[in-house]
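**Student:** Got a structure here, written out as C-alpha cells. Questions coming.
No lab work stands behind these numbers, since they all come straight from the coordinates. Since this is a predicted model, take the numbers as computed values, not measurements. Because the Cβ atoms are built from the backbone with ideal geometry, glycine has one as well, and the counts that use them run over all protein chains shown.
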Amino acid sequence: AGAGLLGRRLTSAVQAGAEASRRDLKLPAPASPAPAVPAGAELEVRGLSPFVTPNKDFYRVDTALVVPRVDAGEWRLRIHGKGVTRPVTLGFQDLLRRKAVERDITLTCVSNEVGGPYVGNARWLGVRLADLLREAGVRPPSEGGRADQLVARSVDGMTIGTPVEDVMDGRDALLAFGMNGEPLPFEHGFPVRMVVPGLYGYVSACKWIKDIELTTFDAYDAYWVKRSWSRRAPIKTQARIDTPRPFASPKAGTVAVAGVAWAQHRGITRVEVRVDEGPWHPARLAAPAGRDIWRQWVWEWPATPGSHTLEVRATDGTGAVQTARRAGTVPDGATGRHSVVVDVT
Ligand SMILES: Nc1nc2c(c(=O)[nH]1)N[C@H]1C(S)=C(S)[C@@H](COP(=O)(O)O)O[C@H]1N2
Ligand SMILES: [Mo]
C-alpha cells in the first residue's frame, strides 16, 4: 500500500511538473510566419466548418488510454540510425533556439470515413525537420541516402513510419510545439509532435515524440503497418458536405449547400455538386490559402419540395477528379463521394 501511495504521489508530481512546463512556456515569434490567409478564404455560411479548427474542437485519434504528460524541461529527442553521420540529441530549449516556422496545415486521419469528422485545420509552430536531418548527415534516397523510412517513437510506445523523401522534399514537415497560438495541448502531443503535409496522421504525425530512427521500409514495420494498414499513405482527395445536415428539412427556395474539400499537398481546384444524380454544378470556392490546407466551398441550390440527394466531388491540383469508387478506410484511406439526403418542405 505504501509503495502504491508513493507511486501515486510521484505520478502527480510528474504531472504537476508537466503542467507547469506547459503553462510557463512562451512561444517564440515565428522567423517564418504563416503566409497571410487571403481575404475570402473563409466563407460566411452557417453550419460550415470554420477555416481554422479551434483546439478544443480538433479531432483526437490515438491509442493512449491516459494522455501522456511530459515535462518540457525533461524532454529529449534523439535522431539516429542508417545514414546518420552525426547523431543528435536535442532538448526543448534547443528547439526553441532554432528558426521557428509557422504554417497552416490540415491534418486528416486514415480512419476517417467519407463525410467523417477526423479532419481539422490548425496553425502549427515548430522547426523544420528536414534541416535537423541534414545536420545529422541524412540524405534523402533521391540523393543516394540509404534510409527511406523515418520511424518516430513516442513516449507511449507508438511507432510511426514516414517516407524520408517526403520529409526532405521541401514541404513544410515540422517538429511542432505550437498549435493555434498556444503550446500544443497535451491531447495533441505536448511538448513536441510531427506534422507532415499530405500524409495521413498514422504515417506522419507522431505525438509526444521522443525518438527518430532512420531505417528502411524493408527492415521495419511501424505499429499500424503490423495491423494491416499500408506502409505509405498519402492523403486522398475528399469533399464533405457540412450543411445541410443529413435528414434536414430546409424550406424550398435558395439553400446554401456548403462544406470543405481537401487534397493536401496537391490542393483543391474545383468542387462540384449535383442533385438526384442530375448534372454537376460548379460550387464557388473560397480563396485558395495553400495546397496543404483544406478549402471551403458553397453552392446555392434552388431547392424544390421533396426528398433529394445532394452529392459532392472535388478535383485536385493535378486535375484528377475524386474517384466515385467506394472503398473502406483499410488499408490506406476511404474513397467515394459524400452524399446527404434532405427533405425540402
Ligand atoms: N503517440 C501517438 N501519436 C499519434 C497517434 C497515436 O496513437 N499515438 N495517432 C496518430 C494518428 S492515427 C493521427 S490521425 C494523428 C491525430 O492527431 P490529433 O489527435 O492531434 O488530431 O496523430 C497521430 N499520432
Ligand atoms: Mo489516424
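**Student:** Which one, Gly144, Leu5, His281, is farthest towards the positive end of the dipole of the chain when Lys and Arg carry +1 and Asp and Glu -1 on their Cβ?
**Tutor:** Leu5
**Student:** Which aspartates and glutamates, on any chain, are close to Lys251 with Cα under 12 Å apart, when same-chain ones fewer than 8 places away are left out?
**Tutor:** Hits, sequence-local ones excluded: Asp343.
**Student:** Next question, about the same structure. Return P(r) of region 195-306 (all Cα-Cα pairs; 10 Å bins starting at 0; whole %; ordered from short to long distances).
**Tutor:** The distribution over region 195-306 is 12, 32, 24, 19, 11, 3, given as percents.
**Student:** Looking at this model, which pairs from Lys82/Lys210; Lys99/Lys210; Lys82/Lys236; Lys26/Lys99; Lys56/Lys226 are more than 22 angstrom apart at the alpha-carbon?
**Tutor:** Lys82/Lys236; Lys56/Lys226
**Student:** Further, regarding this structure: What is the order of Arg76, Arg193, fewest Cβ neighbours within 10 Å to most? Walk me through the numbers before you get to the answer.
**Tutor:** On the way: Arg76 11, Arg193 24.
In order of increasing Cβ crowding within 10 Å: Arg76, Arg193.
**Student:** Let me ask something else about it. Does anything in region 119-160 have its amide N under 17 Å from the 7 Å Cα→Cβ label point of Arg97, and if so which residues?
**Tutor:** 127-128, 132-133, 135-136
**Student:** When Lys and Arg each count +1 and Asp and Glu each count -1, what net charge do the other residues less than 10 Å away from Leu184, Cβ to Cβ, add up to?
**Tutor:** Around Leu184, the surrounding residues sum to +1.
**Student:** Could you please rank Arg139, Arg325, Arg60, placing first whichever residue has the fewest other Cβ atoms within 10 Å of its Cβ?
**Tutor:** Arg325, Arg60, Arg139
**Student:** Points 7 angstrom from Cα along the Cβ direction at Arg78 and Thr318: gap in nanometres?
**Tutor:** About 3.8 nm, to one decimal.
**Student:** Which part of region 128-158 falls in the paramagnetic zone of Arg232, meaning amide N under 16 Å from the point 7 Å along Cα-to-beta-carbon?
**Tutor:** 140-151
**Student:** Over the chain, what per residue volume does the convex hull of the Cα atoms give, in whole Å³?
**Tutor:** 157
**Student:** For the pair Glu19/Val66, report the inter-label distance in nm, with labels modelled 7 Å from Cα in the Cβ direction.
**Tutor:** If labels sit at Glu19 and Val66, their model points lie 1.4 nm apart.
**Student:** Taking the Cβ-Cβ separation of Thr85 and Glu182 as r and a Förster radius of 45 Å, what is the calculated FRET efficiency to the nearest 0.05?
**Tutor:** It comes to 0.80.
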